[in-house]
Amino acid sequence: MPISFGDTLSGGVQDISALLPLLGTAQCEKHVESSLQRGFLYAAAAPISIFGSLGLVQAGFSIGLASVPSYYGFGARLLKDAGFEPTGDVAKMITMDKMQYLAETNLKTAFANLHVDNPHTLSVKIKDQASTTRWNLFLVLCSMMASGVSLIPYLHFLIVRDTSLLLLAWLFPIIRAMSGSFCVIAGQLLLQRRILTIFRQRMLFMRIHQNIKENKLNIDLMKINPHERRMWGSLREAASFWNWHAPIETVPIQWRDDITSEECLWDLYCYMRSLPIESSALEKLAACIPDLPNDNTHAAERLRKHCLAQPIREMIYQFLIIVGMLGSVVGYIGCFSLVQDDQATAVGRYLWIGLEALLSLVRMMIWASNPIYDDSPGLEISLQLSKKPSPSLEHVNEADALTLRLIDEEKFMAEFIAYCGSIPPLGIEFIASFYTRLENHIYIAFLDMKRNQVFLRTPFNDGDGRPFTLYYATMRPKEISITYAPDATVGKDDPIWTKGSLLQEIAIHCDLINAKFNKRSDLKQTVHSITVDWLANPRCAYNRPL
């Protein structure tokens, strides 16, 4: 009997699998892992075709394993050591960057650029809980709709009974469709929770670390048994025949800024658990943990429940991902077995391959449309502002000249952000900027290192109608001050006026600083939105004040 083209196309799983990389496997994995950046439709459309189902399994595996807390002894570190790396930008945030999560590394970089030195002024939360709930609801609904549409290529086998596996002709497609939705929906919800947990633990670590330094507690004296660093370490201790001859020696707890915060908190918990409930050392440590519940239980148990216990919701999501992965594989193989059935006709096979290819094209069109209405509201960091600004800088009359004390850029940014919120630094390569405050106005002095000339820029118009006035100034490096004369304005013939883009950038920077300073009375706090772009490029975090 001659072999038809339909027989060739459906002759085996391995034959069809050769088409998958071209029709969505890699793209499905990437979009499911990046939905918080790109929008819920990118993930919701993934289960619409069988071509790409394995991408959902890969995404579920990466998210599910990476979301396991590191104090269990595996999780993101095991994922990295095994050579698996998520392709999506969001999923990468919960994977390891050297010894800590990439989200923590980028958060530290962002705080350094924001000059945030006081972690007690920070809090992280869902940006808009109502909007996030709606986003998640639309994700669920669209994923279920896509799963329903994915059943269309199999209707022919049911309607005309073009298979000897009639019972399985509806069971396998439904299993594959529902399991794919489990991977998508549970994966996205778990990703949101995991990123939020990592951020909160990083900020908690920063707060405890600052309190420990202020209370002058010696971290080096805090030691634990090595087996307690893993939750099942006590099982190894119980099996004493493994190492009965080896003495158990305590080691210092892990309390470093370059490892995951949850590992540091777990080691702190293990150390606190070894202390008697009435010891003064335990009381001092408990006092360093902000917002620790106050009840009659041991402080270590309160720390574990408050900061380290994995929420039951995350465990449910992980379980659904496992179910989704297994179901996707079973349904994937089962769907191909229907097409390979001896009783299936060439017409049914042609129709199946055509509809699956069409659904893959529809999915690509949805991805390519890139709508804005499906974007995620994201998370946010709230920075509580200081109630009072730093002391005003006074000027001192010296004959016909004025002497102004200056603040260097780093110190000024730290004080300004603490009072007014984030502001982008000037950041011009050959310009060193300094700041001074007179009454309700902020002046900027900048050193042009190419000319070795200091200029003072005021926020006022000059006589020629320019939006600001430039003065020649002399800097006193030891005193961090400048001296200028009121009549020492920079004339039109000075080469500085030819640098239009430079002066425009300085003008925008200075005007923005003055505008935020004058509007400070209306602000109670400033909010920094956390998006994936923010995470991927934290050096631009200061450009995202609200």
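Please work out whether region 123-200 counts as rounded, prolate or oblate from its C-alpha gyration tensor, where a ≥ b ≥ c are the square roots of the eigenvalues and a/c under 1.5 means rounded, while otherwise a/b larger than b/c means prolate and anything else oblate?
prolate
Order of 471-484, 334-347, 176-189 by packing, highest average Cβ count within 10 Å first?
So the order, starting with the most tightly packed, is 176-189, 334-347, 471-484.
Hey, which of these cross-link pairs are over 21 Å Cα-Cα: Lys80/Lys305; Lys216/Lys284; Lys411/Lys478; Lys98/Lys284?
Lys80/Lys305; Lys98/Lys284
Distance cut-off 18 Å, Cα to Cα: go down the list Lys387/Lys519; Lys30/Lys108; Lys125/Lys388 and report the pairs above it.
From the list (Lys387/Lys519; Lys30/Lys108; Lys125/Lys388), the Cα-Cα distance tops 18 Å for Lys30/Lys108; Lys125/Lys388.
For region 359-368, take each phi angle, set θ = phi - 60°, evaluate the Karplus expression 6.51 cos²θ - 1.76 cosθ + 1.60, and give the result in whole Hz per residue in order, putting x for glycine and proline.
Each residue of region 359-368 in turn: 5, 5, 5, 4, 4, 5, 5, 5, 4, 6 Hz.
Can you list residues whose amide H is under 5 Å from Thr345's amide H, if they're 5+ apart or on another chain and H is modeled 1.01 Å from N?
Those lying under 5 Å, H to H, from Thr345: there are none.
Using amide H atoms built 1.01 Å from N in the peptide plane, name the residues 5+ places from Ile224, or on other chains, whose amide H lies under 5 Å from its own.
HN-HN under 5 Å from Ile224: Val251, Ile253.
Could you give the distance between the Cα centres of region 175-217 and region 252-297, to the whole Å?
19
Quick one: 3J(HN,Hα) in Hz for region 316-326, Karplus 6.51/-1.76/1.60 with θ = phi - 60°, rounded, Gly and Pro as x.
5, 4, 5, 5, 5, 5, 4, 4, x, 5, 5
Whole-Hz Karplus ³J(HN,Hα) for region 148-162, in order, using 6.51 cos²θ - 1.76 cosθ + 1.60 and θ = phi - 60°, x for Gly and Pro?
x, 5, 5, 7, 4, x, 9, 5, 4, 5, 7, 5, 9, 6, 8
Set the Förster radius R0 to 35 Å, insert the Cβ-Cβ distance between Ala488 and Asp522 as r into 1/(1 + (r/R0)^6), and round the FRET efficiency to 0.05.
Calculated value: 0.45.
Can you tell me which of 269-275, 403-409 comes out highest on packing, and rank the rest after it, using the mean Cβ neighbours within 10 Å?
Output ranking for 269-275, 403-409: 269-275, 403-409.
Taking the structure as given and computing Cα extents along the principal axes in Å, which label from [x] 70, 58, 42; [y] 109, 70, 39; [z] 67, 60, 47 fits?
Among [x] 70, 58, 42; [y] 109, 70, 39; [z] 67, 60, 47, the one calculated here is [y].
Starting with the fewest neighbours, write out Val57, Val32 ranked by other beta-carbon atoms found within 10 Å of each beta-carbon.
Ascending Cβ contact count within 10 Å gives the list Val57, Val32.
Could you pull out which residues in region 415-433 have an amide N less than 17 Å from a spot 7 Å beyond the Cα of Thr109, following the Cα-Cβ vector?
425
Computed from the coordinates by the stated procedures, all read-outs in this text should not be read as laboratory data. Here the structure is a predicted model, which is why all the values come from computation and not from measurement. Every residue, glycine as well, gets a Cβ built from its backbone with ideal geometry; the counts of neighbours run over all protein chains shown.
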